[in-house]
1. Select from the range 86-109 the residues that are under 20 Å from the mean Cα position of the chain (by Cα) and more than 18 Å from GLY46 (Cα to Cα) and write down the one among them that is surrounded by the most Cβ atoms within 10 Å (Cβ to Cβ).
2. List the helices (runs of 4 or more DSSP H) inside the range 1-83, counting only whole elements, that have at least 2 residues being within 29 Å of PRO159 (Cβ to Cβ) and either in contact with a helix residue (DSSP H, G or I) (Cβ under 6 Å, 6 or more places away or on another chain) or not polar (S, T, N, Q) (or both).
3. Which residues, counting only those in the range 157-208, are in a loop (DSSP other than H, G, I, E, B), under 27 Å from PRO260 (Cβ atoms) and among the hydrophobic types (A, V, I, L, M, F, W, C)?
4. Hey, can you tell me all the residues within the range 100-111 that are assigned to a loop (DSSP other than H, G, I, E, B) and free of Cβ contacts under 8 Å to residues at least 40 places away in the same chain?
5. Answer yes if at least one residue in the range 126-133 is touching a helix residue (DSSP H, G or I) at 6+ places or on another chain (Cβ under 9 Å), under 30 Å from LYS94 (Cα atoms) and outside any loop (DSSP other than H, G, I, E, B), and no otherwise.
6. Hey, among SER167, SER203, which residue is at pLDDT 95 or above, surrounded by fewer than 22 Cβ atoms within 10 Å (Cβ to Cβ) and either of a type outside the set (A, V, I, L, M) or over 21 Å from PRO142 (Cβ atoms) (or both)?
7. List the residue pairs whose Cβ atoms are under 7 Å apart, where the first residue sits in the range 229-241 and is closer than 19 Å to LYS217 by Cβ, the second is of a type outside the set (A, V, I, L, M), and the two are 6 or more positions apart or on different chains.
8. What pairs can you find where one residue is in the range 157-180 and touching a residue at least 12 places away in the same chain (Cβ under 8 Å), the other is surrounded by fewer than 16 Cβ atoms within 10 Å (Cβ to Cβ) and of a type in the set (D, E, K, R), and their Cβ atoms are less than 7 Å apart, with a gap of 6+ or different chains?
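The values are calculated or read from the model by the stated rules, or taken from the named source; none is laboratory data. Predicted model, so just to flag it, every value in this text is computed and none were measured. Positions of Cβ are generated from backbone atoms using ideal geometry, with glycine treated the same way; all protein chains shown enter the neighbour counts.
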Amino acid sequence: MVKARNGDFIKFLGTGGARVVVAKQVRASAGAWLCLEGVNLHLDPGPGALVKCWGSRPALDPVLLDGIILTHRHLDHAGDLNALTEAMTGAGLKRRGSVFLPGDALREEPVLFRYLWPLLEHLEALETGRRYQIKNLVFTTPVRHIHSVETYGLVFFLPWGKIAWISDTLYFPELADYYRSELLILNVPRLKPRNPDEIQHLSLSDAGLLIREIKPKVAVLTHFGMTMLRAKPWVLAAQLSDETGVKVIAAQDGMTLPLPDLCQ
C-alpha cells in the first residue's frame, strides 16, 4: 500500500464515468479508496470495485474499510455497493463499518440490499449541509447537486486543509463557494457542455471555471466519459494548468495521490 509520510492517500481504482465507458470498461468504474486520518473509506464503488481492491498492488482488503460513501445511486457509482459492503463485514460474519448514502438510495428502490443493513454498525442518509464523522475524520455534504437523482459532493476536513470532491452535477455558479479547498477533485465526464435537460454533468470548461474561482493548490480531474478520453485528459489537464496557474492532474486507473505531500 502506497503511503505518504503520515499514511494518508487517495487511490483511484477507477476513473471512468458515464454509460459507454462503464459498459465497455474503457476505464475502470471502481471508484476510489481514501485513507484520511487513518480512516479507510471507499467512495462510489461502481462495477468492478471489489475486484479492483483485491487486484491493486499491493491489495486493498475491504475488511479494513471503516466506511463506504455513495454520492448517488447511479450504476457507475453504486454497481458494487452490495459486494463491497458484504466484504467490509467479513463476508457477513462481523457487524462492522458504516455506509453513507442519499435518502433516495434507501427508499423506493434501495441500492443497498436490506439484508445488509443489520450487518452495519452505522447506516446514515446524506442530507444537505450536514456534518458526519467516522472516528477522527469529519466530512460534510455542503449542497445538493443538480442531477437526475439525489446527489451530493463531499468536503473532508484534515489538519493540513480541506479536500473537496465535486461529484456529478450540472454546473451552477454557487458551487465554488461550497467547495473551497486545498485539494479539489472534480468529476468531469464531458468535453463540451450538452443540453442541461439531457446531460447534467460538468464539462471541461465548467471545470476550468471552478478551478479559477476556487484556486486550490492542486486540482484533479476524474470520472471521464468518452469525449474526454478521446481528447486525452492528460493533455487537457496540462492546458488547464497553464491557463489557471493551478497544478491540474488527470487521474489514471491505479494512480495514488500521497497526502498531504501533494498539496505542499
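1. Ranking the qualifying residues of the range 86-109, first place goes to GLY97.
2. Numbers: elements: 19-24, 49-55, 75-78.
The helices (runs of 4 or more DSSP H) meeting that bar are 49-55.
3. TRP160, VAL188, LEU202
4. Answer for the range 100-111, where residues must be assigned to a loop (DSSP other than H, G, I, E, B) and free of Cβ contacts under 8 Å to residues at least 40 places away in the same chain: LEU106, ARG107, GLU108, GLU109, PRO110.
5. Restricting attention to the range 126-133, the residues satisfying the condition of being touching a helix residue (DSSP H, G or I) at 6+ places or on another chain (Cβ under 9 Å) are 126-127.
Cutting the leftovers down to under 30 Å from LYS94 (Cα atoms) gives us 126-127.
Next cut, outside any loop (DSSP other than H, G, I, E, B) only: 126.
So far as the range 126-133 goes, yes, one or more of its residues are touching a helix residue (DSSP H, G or I) at 6+ places or on another chain (Cβ under 9 Å), under 30 Å from LYS94 (Cα atoms) and outside any loop (DSSP other than H, G, I, E, B).
6. Numbers: SER167 fails: surrounded by fewer than 22 Cβ atoms within 10 Å (Cβ to Cβ).
Every option except SER203 fails the conditions.
7. LEU240/GLY208; SER241/LYS247
8. Every condition considered, the pairs that remain are ALA176/GLU213.
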